[in-house]
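Report on the structure given below.
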Amino acid sequence: MAVRSREHGTTSIAVWKTSVYSCIHMVNGNVSTALKTDVLVIGGGNAALCAALSAREEGAEVLLLERAPKDFRGGNSRHTRNLRCMHDAPTEVLEDAYSEEEYFNDLLRVTGGRTDERLARMTIRASASCTGWMRGYGVLFQRPLGGTLHLGRTNAFFLGGGKALVNAYYRAAEQMGVRILYEARVTDLQVRDGRCGDVRVEIDGKEHSVDAAMVVVASGGFEANLEWLGEAWGPAAENFIVRGCPYNRGEVLRMLLREGAAEIGDPTQCHAVAIDARAPKFDGGIVTRLDCVSLGIVVNRDGERFYDEGEDFWPKRYAIWGRLVARQPEQIAYSIIDSKMIGRFMPSVFPPVQADTIEELAVALDLPVLALQRTVSDFNRATVAAEFDHTVLDGCHTRGLTPEKTHWAQPLDTPPFSAYPLRPGITFTYLGVKVDQAARVLMADGTPSANLFAAGEVMAGNILGEGYVAGIGMTIGTVFGRIAGREAGRQVAGRAPAVASMDKEGHHAA
Ligand SMILES: Cc1cc2nc3c(=O)[nH]c(=O)nc-3n(C[C@H](O)[C@H](O)[C@H](O)COP(=O)(O)OP(=O)(O)OC[C@H]3O[C@@H](n4cnc5c(N)ncnc54)[C@H](O)[C@@H]3O)c2cc1C
């Protein structure tokens, strides 16, 4: 593994380790330690680690606070598989080319224009240099396998997934002398005149204050906070399943907004997919996703269809199905296929409910038998015979049905029939804080904070007003994490910001 060592690294680490716990004082009657550092990074996922490594590259002392225990470190980033990268020519892990224009147009389409073009284009250009930088810290890549939503041209896949990625970064961070504290929950921070001070962290039931020159917030969204989701979605939120870690409760985001940071995004906007309803409430990860929706029909609790399952290719539609299921009674739906479709999609980790007749299937799913039988027979009658090909937008559609199924409409006529229960699986939220090109948090009056930066989900709403293109979550975290860490580190060292000297490819002239 090629870990970058900087001249600053080895000599200062010993001094740094003894100085990090610098003084003892009383907080709320508990004996408490004041922690001191140049750059404080809040969070322990991809954006936080990129920031910590980049700040350390600049020679700064870095303290990283991860709320999770060590075994569960890495936030939602440990569930990921890839990041989306612009590239002008084929690389070892990416096919053909993916230009800035094409990337931006993909983003523009899914967000319906709700994106900050300047930040989005900067992110896209900077994505070109991500894989090289990541390799430098031991991240390995692999060619995409089947069932990966046809992303081989646009997305670079991590060998070993996000877990291997965060492990590589933690290893590198430790070797470079980044101080890491686990089960360290930031409980409060204050911002006065645009400057962040008095950060409080709870470790082992004791509260500590942190004296940091610079603060990078990379603590994720609020997707694991069902009460907060409930404010936006009402009681339906109780039935959401959180695909990622239980630690992203938006605590630090709330603090920033309370302290006058400018808010961006809409609390109801998020990435949510339809996942297997049998998934655990938290941390089910990628294996609970269901990719057979476009190959059959989807019915609600009343046995009725409610949306065109074949509207477009699954990679372009999977991210709308979480919201669609969320709007159904009791937030439950069922994807039903027949045996012709088995083997054509990546299955869920849970086996399907199977039956030889639609009647038996309805009984097994506790759905109204007559309603389901009518839905299936209406659907079968409406299908128009054509050549089925799920790799193209084929001509298999329905006629005279509401809602229509516009592609891949095949009669459900070959038992056994299989069904998977579906629930909305929330991936991450988009409400966040506004930032500028240097990843500085903007205050409500539009001025950038003097020492507060944000990266990752906590600011993803600057680029994702709505919708999603697969792999951009990790791109945003990597690009803004690197910028935040670098700018914070440079500021500590009294160096000029690098962001002004960023070249066309998004490389910093460091
Ligand atoms: C199942 C799944 C699959 C995904 N697949 C992909 C993919 O392939 N590609 C892609 O681009 N995106 C993917 N995503 C989205 C991706 O995970 C996020 O966009 C990305 O990980 C965000 O990184 P982050 O560092 O901002 O947040 P996270 O990685 O979630 O890190 C947030 C960190 O903050 C910590 N934290 C929270 N509160 C506190 C506190 N009060 N004090 C201290 N620490 C705190 C958490 O413990 C955590 O370590 C996926 C998400 C899920 C759930």
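The values are calculated or read from the model by the stated rules, or taken from the named source; none is laboratory data. Predicted, not measured: the structure shown is a model, and the values here were computed from it. FYI the Cβ positions are ideal-geometry reconstructions off the backbone, even for glycines, and counts take in every protein chain you see.
For the condition surrounded by fewer than 20 Cβ atoms within 10 Å (Cβ to Cβ), part of a helix (DSSP H, G or I) and not assigned by TED's automatic domain parsing to the domain that holds PRO403, ARG254 qualifies. Is one or more of the residues making up region 192-207 closer than 29 Å to ASP116 by Cα, away from the ligand (no atom under 15 Å from the Cβ) and touching a Ser or Thr at 6+ places or on another chain (Cβ under 9 Å)? Yes: region 192-207 contains one or more residues that are closer than 29 Å to ASP116 by Cα, away from the ligand (no atom under 15 Å from the Cβ) and touching a Ser or Thr at 6+ places or on another chain (Cβ under 9 Å). Just give me the residues in region 471-495 being within 11 Å of the ligand (Cβ to nearest atom) and surrounded by fewer than 22 Cβ atoms within 10 Å (Cβ to Cβ), in sequence order. Within region 471-495, GLY471 is the sole residue that qualifies. Out of ILE180, ILE241, ILE275, one residue alone is near the ligand (Cβ under 10 Å from one of its atoms) and either at positive phi or in contact with a Gly (Cβ under 8 Å, 6 or more places away or on another chain) (or both). It is ILE275.
List the residue pairs whose Cβ atoms are under 6 Å apart, where the first residue sits in region 236-260 and is touching a residue at least 40 places away in the same chain (Cβ under 8 Å), the second is in a helix (DSSP H, G or I) and near the ligand (Cβ under 9 Å from one of its atoms), and the two are 6 or more positions apart or on different chains. Partner pairs satisfying both residue conditions: GLY244/ASN76; GLY244/HIS79; CYS245/GLY75; CYS245/ASN76; LEU253/VAL458.
Scanning region 189-213 for residues that are touching a strand residue (DSSP E or B) at 6+ places or on another chain (Cβ under 8 Å) and basic (Lys, Arg), we see that the one that is surrounded by the most Cβ atoms within 10 Å (Cβ to Cβ) is ARG200.
Exactly one residue among LEU40, LEU35, LEU63 is within 16 Å of the ligand (Cβ to nearest atom) and either under 20 Å from the mean Cα position of the chain (by Cα) or modelled with pLDDT under 95 (or both), and that residue is LEU35.
Conditions (1) in the same structural domain as VAL299 (by TED's automatic domain parsing); (2) of a type in the set (Gly, Ala, Ser); (3) assigned to a helix (DSSP H, G or I), marked per residue:
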residue: PHE345; (1), (2), (3): yes, no, no
residue: GLU359; (1), (2), (3): yes, no, yes
residue: VAL376; (1), (2), (3): yes, no, yes
residue: ASN380; (1), (2), (3): yes, no, yes
residue: ALA386; (1), (2), (3): yes, yes, no
residue: LEU393; (1), (2), (3): yes, no, no
residue: THR406; (1), (2), (3): yes, no, no
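It is to be established whether one or more residues within region 448-459 are more than 19 Å from THR37 (Cβ to Cβ), β-branched (Val, Ile, Thr), more than 11 Å from the ligand (Cβ to nearest atom) and assigned by TED's automatic domain parsing to the domain that holds VAL242. No, every residue in region 448-459 fails to be more than 19 Å from THR37 (Cβ to Cβ), β-branched (Val, Ile, Thr), more than 11 Å from the ligand (Cβ to nearest atom) and assigned by TED's automatic domain parsing to the domain that holds VAL242. Of all the criteria given as (1) under 23 Å from SER418 (Cβ atoms); (2) within 16 Å of the ligand (Cβ to nearest atom); (3) surrounded by fewer than 24 Cβ atoms within 10 Å (Cβ to Cβ), the one not satisfied by GLY265 is (1). In summary, GLY467 fulfils each of the numbered conditions (1) under 14 Å from the mean Cα position of the chain (by Cα); (2) within 11 Å of the ligand (Cβ to nearest atom) with the single exception of condition (2). Inspect region 214-233 for any residue being farther than 17 Å from GLY74 by Cβ, in contact with a His (Cβ under 7 Å, 6 or more places away or on another chain) and buried (at least 16 other Cβ atoms within 10 Å of the Cβ) and give the result as yes or no. For region 214-233, residues farther than 17 Å from GLY74 by Cβ, in contact with a His (Cβ under 7 Å, 6 or more places away or on another chain) and buried (at least 16 other Cβ atoms within 10 Å of the Cβ): absent. Is there a residue in region 143-158 that is more than 12 Å from the ligand (Cβ to nearest atom), among the polar types (S, T, N, Q) and within 16 Å of MET474 (Cα to Cα)? Scanning region 143-158 turns up no residue that is more than 12 Å from the ligand (Cβ to nearest atom), among the polar types (S, T, N, Q) and within 16 Å of MET474 (Cα to Cα). Pairs are defined by a Cβ separation below 8 Å, a sequence spacing of at least 6 or placement on different chains, a first member in region 72-95 that is assigned by TED's automatic domain parsing to the domain that holds VAL166 and closer than 18 Å to GLY161 by Cβ, and a second member that is assigned to a helix (DSSP H, G or I) and modelled with pLDDT under 95; the pairs so defined are HIS79/ILE286; ARG81/ILE286. Within the option set LYS316, LYS281, being part of a loop (DSSP other than H, G, I, E, B) and under 21 Å from the mean Cα position of the chain (by Cα) holds for one residue only, LYS281. Here SER418 does not fit the description of being at pLDDT below 95, in the same structural domain as PRO280 (by TED's automatic domain parsing) and buried (at least 17 other Cβ atoms within 10 Å of the Cβ).
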